[in-house]
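What follows is calculated from the coordinates using simple rules that are stated; it is not laboratory data. Please read all numbers here as calculations on a predicted model, not as lab measurements. Counting neighbours? That spans all protein chains shown, and the Cβs are built from the backbone with ideal geometry, glycine included.
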Amino acid sequence: MNKELIINRFSKAAHSYDNDAVAQKKITLNMIHLLQSYVEDEMEKIVEIGCGTGIYSRLLIDAFRPKELIINDICKMEQHLTDILTNKNYSFIAHDAEQWELPQQIDLLTSCSTFQWFHDLDAFFQKAYSALNENGLFAFSTFGKENLQEINNLTGCSLHYSTPQELSEMLSQVGFSILCVEEEKIILTFDTPKDALVHIKRTGVNGLSQQKWTQNTLQRFSEKYIEIFSTENGKISLTYHPIYIIAKK
């Protein structure tokens, strides 16, 4: 996995992300809804991994009013977070979270739609466990094996996706108690395969692909996409497969 390519793709997509990240917005709302079942009080210290343009960050602030908030992303996102960073107790760190020495004594460590890009989740889960306060929560969404299945089927280009069971086992081995595991399918529809590709580009989730599109390859791709993944109303589908996990130290 080329993290420089990931940085490049997400940085370029930052200006269009908020408008086009339909599935990702739904995921953040679902994550907040699940968390509210397990968080009874305001949180003293929240750390978010992979904050992007701050969609989830703002929901965290509204829901839990943390006294201290540290938000992180591998890309330099400060210009998209100015409203959040007016609070002197809220800060942004641009760093690859796998290489970052996490802050300590965290009450809630959380992330949406980021961990599928990590090289070594086992190592990060161990680091997360150490950084949390006793009874601290580790809550995240990532993606399952059917994520972007249409694109993966036609191009053969895919990330390695863990199953909910594999993720739960990794967390349990570190010492976490699993409070919640859920998954769902979010199916978007588009008029044409090209529209689906534009959506992917404008949300940065093409951080793995180095596909060079020509008129011929795009035509063959589109024909195959329509043949296999057309919907009943004449559109084509694009599947997101989020997994939600809440664990406790």
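Taking each pair of distinct Cα atoms in the stretch 57-104 once, what is the resulting Kirkwood hydrodynamic radius in Å? Please list the in-between numbers first.
Working: mean 1/r = 0.0873 Å⁻¹.
Mean inverse Cα-Cα distance, inverted, gives 11.5 Å.
Taking 27 Å as the limit for the C-alpha separation, the pairs K67/K127; K26/K248; K201/K248 exceed it in the case of K201/K248.
Where the alpha-carbon atoms of the stretch 25-80 are placed on the principal axes, they occupy 33, 26, 15 Å, in descending order. A simple count of charges around L109, restricted to other residues whose Cβ falls under 12 Å of its Cβ and scoring Lys, Arg +1 and Asp, Glu -1, yields +2. Listed by chain and number, the aspartates and glutamates placed with their C-alpha closer than 12 angstrom to that of K249 are D107, E134; residues fewer than eight positions away on the same chain are left out.
May I ask for the percentage of alpha-carbon pairs in the chain that lie more than 30 Å from each other? Write out the running numbers ahead of the final one.
Values: 8121 of 30876 pairs.
For the chain, the share of Cα pairs beyond 30 Å comes to 26 percent.
Ordering I178, L218, T114 by Cα displacement along the dipole of the stretch 105-249 toward the positive end leaves L218 in first place; charges were set at the Cβ atoms of Lys, Arg (+1) and Asp, Glu (-1).
Could you give the size of the charge dipole of the chain about its Cα centre, using +1 on the Cβ of each K and R and -1 on the Cβ of each D and E, expressed in debye and rounded to the nearest 20? Numbers along the way, then the final one.
Details: 23 positive and 32 negative charges, 150 e Å.
The dipole magnitude comes to about 720 debye.
Equivalent-ellipsoid semi-axes for the stretch 1-140 (Cα gyration tensor, √(5λ), whole Å, largest first): 22, 18, 15.
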